[in-house]
Amino acid sequence: MSEPRLPLREFQARLAQRLQNAATSTSASRLGILAGGARWLVDLSDIIEVIDSAAITPVPWAKPWFGGVANVRGTLYGCTDLAAFLGLPALDTWTAARLLLAHPRHGVNAALGIEQTLGLRNPTQMQAVAVSHPPSVDCAEYLVKHWRDEEGYTWHELDLARLLTSPRLLDAAR
C-alpha cells in the first residue's frame, strides 16, 4: 500500500521547514576533537575535511610544533600539531593523528594535527561555563567560550579563523 499523496503546497511547505531545520542545526554544530588531552569544539565552516595523517615530510629549522608538509591530492599543507602549538602535550606520533584541513577562504594551506575526532556537538545543548584556567596560556587568545555537556565534560570552543591567520602560526621558522 503506498503512502497518500500530499498536495503540492503542503509538500513544499514541509520540505521548506525540513530544510530550514537542517540549516539551523548545521549552523549550531561544531566538530568535537581531542588535542593535548583536552576537548575542543571547532566550527565546521572553518575546515573542509578531516583525514588520516598523510605522509608528512619533516622540514628543517622549524618550530617544534610544526610537523612538516603533507601532499593531499596534489596540494601541499603545512602540518601543525595543534596541541603543541597551544602549549599542551604534543602528539605522541603523527602516524596515528588526524588532520583538520583548513578551509581555503582562510588563505593558508594549513592542516592541524589532532589526536582524534569526537563527532558533531551542538553547543546550544550544552551549558556555558566560566573556566578559571584555560588549558594553557598559549590558547587563551583563540578561545571563544567554554561549555559543559550533559556528561560533565568541559569543551573549549576555538576560533579557528583567528588561529589560522595568526602571525605566530604563520611563522613556523625557528
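The values are calculated or read from the model by the stated rules, or taken from the named source; none is laboratory data. Computed from a predicted model, the values in this text were never measured in an experiment. All Cβ positions, glycine included, derive from the backbone under ideal geometry; neighbour counts span all protein chains shown. Ligands, DNA and RNA are excluded from the accessible area calculation, which covers all protein heavy atoms including side chains. Shrake-Rupley method; radii C 1.70, N 1.55, O 1.52, S 1.80 Å.
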(message) Rounding to the nearest 10 and keeping the result within 0 to 90°, find how far the Cα-based axis of helix 8-28 lies from the longest principal axis of the chain.
(response) 20
(message) If I build a Gaussian network model for the chain, linking alpha-carbon pairs within less than 10 angstrom, which residue out of Ser45, Ser132, Ser53 has the largest mean-square fluctuation?
(response) Ser132
(message) Quick check on packing: order 151-158, 85-92 by the mean number of other C-beta atoms within 10 Å, highest mean leading.
(response) 85-92, 151-158
(request) Name the most mobile residue of Gly113, Gly67, Gly37, meaning the one with the largest mean-square fluctuation, in a Gaussian network model of the chain with Cα contacts below 10 Å. (result) Gly37
(message) On alpha carbon coordinates alone, what is the Rg over Rh value for the chain, Rh being the Kirkwood radius?
(response) 1.09
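Please find the FRET efficiency linking Arg168 to Ala55, where r is the Cβ-Cβ separation and R0 is fixed at 30 Å, and quote it to the nearest 0.05.
After rounding, the FRET efficiency stands at 0.70.
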(message) Between Asp149 and Arg14, what's the calculated FRET efficiency when r is the beta-carbon distance and R0 is 35 Å? Round to 0.05.
(response) 0.65
(message) Starting from the 7 Å offset along Cα-to-Cβ, what nm value, one decimal, do you get for the label separation of Ala128 and Asn109?
(response) 3.9
(request) Pop out the carbon and sulfur fraction of the accessible area of the chain as a percent, whole number, probe 1.4 Å. (result) 54
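What number comes out for accessible area per residue over the chain if the probe is 1.4 Å? Units Å², please.
Normalised by residue count, the accessible surface of the chain is 59 Å².
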(request) Compute the FRET efficiency between Lys63 and Ala161 as 1/(1 + (r/R0)^6), taking r as their Cβ-Cβ distance and R0 = 22 Å, and round to the nearest 0.05. (result) 0.55
